[in-house]
Amino acid sequence: MKPLRSALFTLLYALCISALNAFAASKPNVLLLMSDDLANTLGCYGHPVAKTPNLDALAKRAVLFERAYCQFPHCNPSRASMMSGLRPHTTRVTDNADNLYQNLPGVMTLPHHFRRNGYATARCGKIFHLGVPTGAESMDDPQAWDFGTPFKDERPYPPKRESTVKVTTGKKQGLPWTETTGTDDDLVDGNFAKTAVEWLEKRDPSKPFFLAVGFHRPHLPLVAPAKYFDLYPFDSIKLPTEPADDEADIPAPARNGSVPGYAISTTPEQRRAAIRGYLATVSFMDAQAGRVLDALKRLGLAENTIVVFAGDHGWHLGEHGLWHKRSLFEESARVPFLVHAPGAKGNGQRSLSVVELLDVYPTLCDLTGVPAPASLQGKSLRPVLNDPKAVLHEGAFAQARRGPKAEFWGRSVRTARWRCTEWDEGRNGIELYDHDADPHEFTNLAGDPKHAAVLKELRAVLAAKLPPFGK
């Protein structure tokens, strides 16, 4: 009997392994790449001087979304919304100190959902907001990070050695830029790329994987090896050009100085140097993304891996007199967003469909055959991935808090043509911009009687979609 039992056990084991391998082969892998504080400063988005060859190459085999928007231009609120598939007024995460898991006990986040559905899940770098919940930076707490424990990020974040390199002037104005003499791997993003590649090399091939890699740059401080600064001669850096009276029709909550820590009072030369530093860190981040993408190809995984690249929100480089994020202008709410789905008919094309980061969760469920939770508030991008001319949403919605004590609450809708923004349901200001005639949002039409009808319509849409916080 023992030989028979042994033979049966061997057969059952072989069948299980075969079934696991068949499951892994039938399910596409997922690679989610994120960049922190990234505006649409990529070559593939038409930036005049940005050097981003790796993401540009990805764009050639992905659908590039020209009109993609975050739901709250601040790190923790945006990431909590994207990874839960819920709008900020549902998550109630509106600040970097807020805790998604305390606000919504039992929330089913995107990676947790994939792990429950048979995927090997791993995180390297910043995907959720680091330190929220406090002390959960290592992924040891699956409730906090939802990624299991395939590997740890045990280095300080950022590592202390990043503060030991040369720093130029500008730090006192909140615009630090740093050229290092070290290698890419001396900085956190280089280590994130290296660790992610090592995980891909050692992964369990019997399971499909969901790997998320969150790059820190171009988040402040603007740190990168000197070779990336060398890509941008100082003379090539230009300041945004705007009307002299641009601020005159901007409501007080939306102006420079409304958020004291974000106010800029630097000289034009300092601002140009800071923009140079920002672009250098963008190129540095692009190089690290390229290392992970190259590993997919080298390991024969590219043909069966969905790749999503996104910024968590945009960033101002002086537009409207602003530096930083947390505004509801286009530069802050709009994000770079690339999606490569194997076999999608739209790969290599551009879409003008208005989409939201909220759509990432249902899209990945749809493309992998993982059942989507009924609570999700976004839509699958599959129709647009197969036909970039398809229209998914009539508008994208964003919310923000500004003011010395974050006391002003803003909500905004961006349609294919218009942006309408209210501050405290209009009590502290209303904005209306016609993107067909004014793509840089220089002229606020909210007080123009000619546009009263469209303003009324968009304000009604805002009120219906985004109830005031706390109500």
Requested in this report: Add +1 for every Lys or Arg and -1 for every Asp or Glu among the other residues with Cβ under 13 Å from the Cβ of residue 460, and state the total.
Outcome: 0
Query raised in the report: If you find the alpha carbon centre of the stretch 393-438 and of the stretch 241-313, how far apart are they in angstrom?
Result: 21
Query - Counted charge near residue 119, where neighbours are those whose Cβ lies closer than 9 Å (Asp, Glu -1; Lys, Arg +1) - result: +4
Report task. Compare the peptides 281-294, 413-426 by average per-residue count of other Cβ atoms within 10 angstrom and give them in order, highest first. Result -> 281-294, 413-426
Report task. Any chance you could check the Cα centroid distance between the stretch 323-376 and the stretch 208-228 for me, in angstrom? Result -> 20
Query raised in the report: What pairs in 238/325; 379/405; 27/202; 227/325; 389/456 have C-alpha atoms more than 25 Å from each other?
Result: 379/405; 227/325; 389/456
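Bear in mind that the values in this text are calculations on the coordinates, not laboratory data. These figures come from a predicted structure and were not determined experimentally. Positions of Cβ are generated from backbone atoms using ideal geometry, with glycine treated the same way; all protein chains shown enter the neighbour counts.
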